[in-house]
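The values are calculated or read from the model by the stated rules, or taken from the named source; none is laboratory data. Just so it is clear, the model here is predicted, and its values are computed rather than measured. We place every Cβ from the backbone using ideal geometry, glycine too, and count neighbours over all the protein chains shown.
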There are 2 protein chains.
Amino acid sequence: MIDAAPRRIAFLGFGLIAGSIARALAEPSGDRLALVAWSPSGAGPRAALADRILDAAAADPAAAIEGADLVVIAAPPLETIDLIARLGGPLRGALAPDVVVTDVASTKAAVLAEADAVGVRFVGGHPMAGREVVGYAGSVADLFVDRPWVVVPGAAADDAAIRRVEWLARSTGARPVSMDATVHDAAAAAVSHLPLVLAVALVEAVVGGDAERPGWPVAAGLAASGWRDMTRLARGDARMGAGIAATNAPALLAAVGEVRAALDAWIADLEQAGGPDPERLEARLRRARERLERAPTTRS
Amino acid sequence: MIDAAPRRIAFLGFGLIAGSIARALAEPSGDRLALVAWSPSGAGPRAALADRILDAAAADPAAAIEGADLVVIAAPPLETIDLIARLGGPLRGALAPDVVVTDVASTKAAVLAEADAVGVRFVGGHPMAGREVVGYAGSVADLFVDRPWVVVPGAAADDAAIRRVEWLARSTGARPVSMDATVHDAAAAAVSHLPLVLAVALVEAVVGGDAERPGWPVAAGLAASGWRDMTRLARGDARMGAGIAATNAPALLAAVGEVRAALDAWIADLEQAGGPDPERLEARLRRARERLERAPTTRS
């Protein structure tokens, strides 16, 4: 739909995700689509301006959003909520009348609640893609190709607003997927936020929490690819992780409770009188593998 | 040490690990070192014979070990223990007088206990390397390069026996590391066996155990690289995993208990009255990342 396309996009926050969106949009856009960004440090926008990915680097959010018909908030969850509050408050006057606001945060219910509370014309988004690196320096134009991009309209969003955010998703190569915020948050807790907590809990159990574990130096010498894969998420951005856990606590709590129950069943199997039953353990491992193999293929 | 080098090596079991050892040895050995293998199916030895990696594929264990001065048991833990019992029993007559027996199983205390009980001249081994693929078809000559290879001498092992197993490790490019069986098993539980149980528990909690979880189809559609990495170990060989858990139950139980305690602390943080404290969560995530970053670098 031609009329869905924005003419000027403002990014508030400009790291890996916003940078990758801008790179994907910059390639075919020519002169018709203007891209402007602001970030707290200003480093990402300055670099992208030098790279000719952006048309302007703004000194503050008000300058960035001026004249924009699509505002993309690209910040951790708590900062996203704060920016929405500012767009509904002190920054409201700088918003164009026909503007649509969207975001890319990993949780949606708390973000939508804020947008609805302040009455912004908001359509939440969550592109399901990422890389191990952070910041604009890690951005790539094909990050979203063939990935789902969850779209969650707010109460004040009309069809035209939804179409504009779907246009954004499709323009990066992603597949827009409409979803209820609560359904999204439960699903993201299961396949994304719970794995993060497990990776951190594994580090805390093996490397240590307040103090390093006495067995760690010897164990570290034996660590191989399994350990590396299972702890990679614990190397991620701490502020982002904290915002995810803080804004998706009920769904995450339920998911952590399910893993705890599964671990209790493992403890029961391992504690069995006379030693664990290898046939029972093998059946349990085989069942998990079969469940995974039946699952839809995932990709990075 | 020249006198440490064997003249004839017999592999009992011939999958990824034995195949990779044989490939590493076959390259520079010329005619001086003979390699022979037996496996239950015979498929790996036949393929390696065709590849000129082996000098002979044996029809049974007795034929394989005849004249060998180094026997490498390369089977899952429970099958390794069973083969040691047979080498100390019905197969004892087929062993050469100067033979040294070693293994590559992921747990060491239970394996050593069997070797000591039957009085085999045994030096346990555990090369800390692996790949996601199984079987001889996945074997590569450089699998062990620069990796630790844990060496655990049995009660009947003399210095010459230890040197022969260290020769084996070095000949594949690995670094022999002497270690007590109990210390090894605790370290392997922490960085290898616990991650396996966590990956399976994650699948059980999210995909399902006896029945598929209702939320799984939607969640599967959002799964990305984090989910894939955190569940990769659950796709491994079920028989191997069961043998590991069955023969390392006490150390694994202790490790699972530590993760359970860490998860209980996460539940407490998430359940906090008035909602989780983002600063506290961020500090916790930052601490885990810093502990990982201080750790020795791991590689696959």
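If you go through region A:120-137 one residue at a time, how many are farther than 20 Å from B:G221 by Cβ and at pLDDT 95 or above?
5
Condition test on B:A234, is it within 15 Å of A:P276 (Cα to Cα) and part of a helix (DSSP H, G or I)?
Details: within 15 Å of A:P276 (Cα to Cα): no; part of a helix (DSSP H, G or I): yes.
Considered against the rule, which asks whether it is within 15 Å of A:P276 (Cα to Cα) and part of a helix (DSSP H, G or I), B:A234 comes out as no.
Only one of A:V191, A:V152, A:V123 is crowded, with 24+ Cβ neighbours inside 10 Å and either over 17 Å from the mean Cα position of the chain (by Cα) or facing chain B (nearest Cβ under 7 Å) (or both); which?
Values: A:V152 fails: either over 17 Å from the mean Cα position of the chain (by Cα) or facing chain B (nearest Cβ under 7 Å) (or both); A:V123 fails: either over 17 Å from the mean Cα position of the chain (by Cα) or facing chain B (nearest Cβ under 7 Å) (or both).
Only one candidate qualifies: A:V191.
Can we say B:V111 is touching a Gly at 6+ places or on another chain (Cβ under 7 Å), buried (at least 19 other Cβ atoms within 10 Å of the Cβ) and assigned to a loop (DSSP other than H, G, I, E, B)?
Numbers: touching a Gly at 6+ places or on another chain (Cβ under 7 Å): yes; buried (at least 19 other Cβ atoms within 10 Å of the Cβ): yes; assigned to a loop (DSSP other than H, G, I, E, B): no.
Considered against the rule, which asks whether it is touching a Gly at 6+ places or on another chain (Cβ under 7 Å), buried (at least 19 other Cβ atoms within 10 Å of the Cβ) and assigned to a loop (DSSP other than H, G, I, E, B), B:V111 comes out as no.
Tell me, which residue of region B:155-188 that is away from chain A (no Cβ under 14 Å) and free of Cβ contacts under 8 Å to residues at least 12 places away in the same chain is nearest to B:R32 (Cα to Cα)?
By that ranking, first place goes to B:R170.
For region B:126-148, which positions are surrounded by fewer than 16 Cβ atoms within 10 Å (Cβ to Cβ) and either touching a Phe, Trp or Tyr at 6+ places or on another chain (Cβ under 6 Å) or more than 14 Å from every other protein chain (Cβ to nearest Cβ) (or both)?
Within region B:126-148, B:A137, B:D142 meet the criteria.
Return yes when A:L196 is more than 8 Å from every other protein chain (Cβ to nearest Cβ) and either more than 30 Å from B:V150 (Cβ to Cβ) or among the aromatic types (F, W, Y) (or both) and no when it is not. Give the steps one after another, and end with the answer.
Numbers: more than 8 Å from every other protein chain (Cβ to nearest Cβ): no; either more than 30 Å from B:V150 (Cβ to Cβ) or among the aromatic types (F, W, Y) (or both): yes.
Criteria not met by A:L196.
Six or more apart or on different chains, Cβ atoms under 6 Å: show the pairs whose first residue is in region B:267-289 and at the interface with chain A (Cβ under 7 Å from one of its Cβ atoms) and under 14 Å from A:I244 (Cβ atoms) and whose second is of a type in the set (D, E) and surrounded by 14 or more Cβ atoms within 10 Å (Cβ to Cβ).
Close Cβ pairs (under 6 Å, with a partner that is of a type in the set (D, E) and surrounded by 14 or more Cβ atoms within 10 Å (Cβ to Cβ)) amount to B:P276/B:D269.
With the requirement that a residue be part of a helix (DSSP H, G or I) and surrounded by fewer than 16 Cβ atoms within 10 Å (Cβ to Cβ), what does region A:87-103 give you?
Within region A:87-103, the subset part of a helix (DSSP H, G or I) is A:87-88, A:92-94.
Within region A:87-103, A:R92, A:G93 meet the criteria.
Can you report the number of residues in region A:237-249 which are farther than 12 Å from A:V197 by Cβ and without any contact (Cβ under 8 Å) to a residue 60 or more places away in the chain?
So in region A:237-249, the residues farther than 12 Å from A:V197 by Cβ come out as A:237-240, A:243, A:246-247.
Next, from what is left, pick out any that are without any contact (Cβ under 8 Å) to a residue 60 or more places away in the chain: A:238.
Total satisfying the criteria: 1.
Tell me the residue from A:V218, A:V197, A:V165 that is hydrophobic (A, V, I, L, M, F, W, C) and within 27 Å of B:I267 (Cα to Cα), please. Before you say what the answer is, go through the steps one by one.
Numbers: A:V218 fails: within 27 Å of B:I267 (Cα to Cα); A:V165 fails: within 27 Å of B:I267 (Cα to Cα).
Answer to the selection: A:V197.
I'm trying to understand the selection: among the residues of region A:233-256, which are facing chain B (nearest Cβ under 7 Å) and under 16 Å from the mean Cα position of the chain (by Cα)?
Those that are facing chain B (nearest Cβ under 7 Å) and under 16 Å from the mean Cα position of the chain (by Cα): A:L233, A:A234, A:R235, A:A238, A:R239, A:G241, A:A242, A:G243, A:A245, A:A246, A:A249, A:L252.
Scan region A:234-245 and give yes if some residue there is at negative phi, in contact with a Ser or Thr (Cβ under 6 Å, 6 or more places away or on another chain) and either crowded, with 19+ Cβ neighbours inside 10 Å or at pLDDT 95 or above (or both), otherwise no. Even if it seems obvious, please write down each step before you answer.
Here is the first cut: in region A:234-245, the ones at negative phi are A:234-245.
Those left that are additionally in contact with a Ser or Thr (Cβ under 6 Å, 6 or more places away or on another chain): A:244.
Narrowing further to those that are either crowded, with 19+ Cβ neighbours inside 10 Å or at pLDDT 95 or above (or both): A:244.
Yes, region A:234-245 contains at least one residue that is at negative phi, in contact with a Ser or Thr (Cβ under 6 Å, 6 or more places away or on another chain) and either crowded, with 19+ Cβ neighbours inside 10 Å or at pLDDT 95 or above (or both).
Tell me, yes or no, whether region A:191-200 has at least one residue that is touching an Asp or Glu at 6+ places or on another chain (Cβ under 7 Å) and not assigned by TED's automatic domain parsing to the domain that holds A:M128.
Of all residues in region A:191-200, those touching an Asp or Glu at 6+ places or on another chain (Cβ under 7 Å) come to none.
No, region A:191-200 has no match at all.
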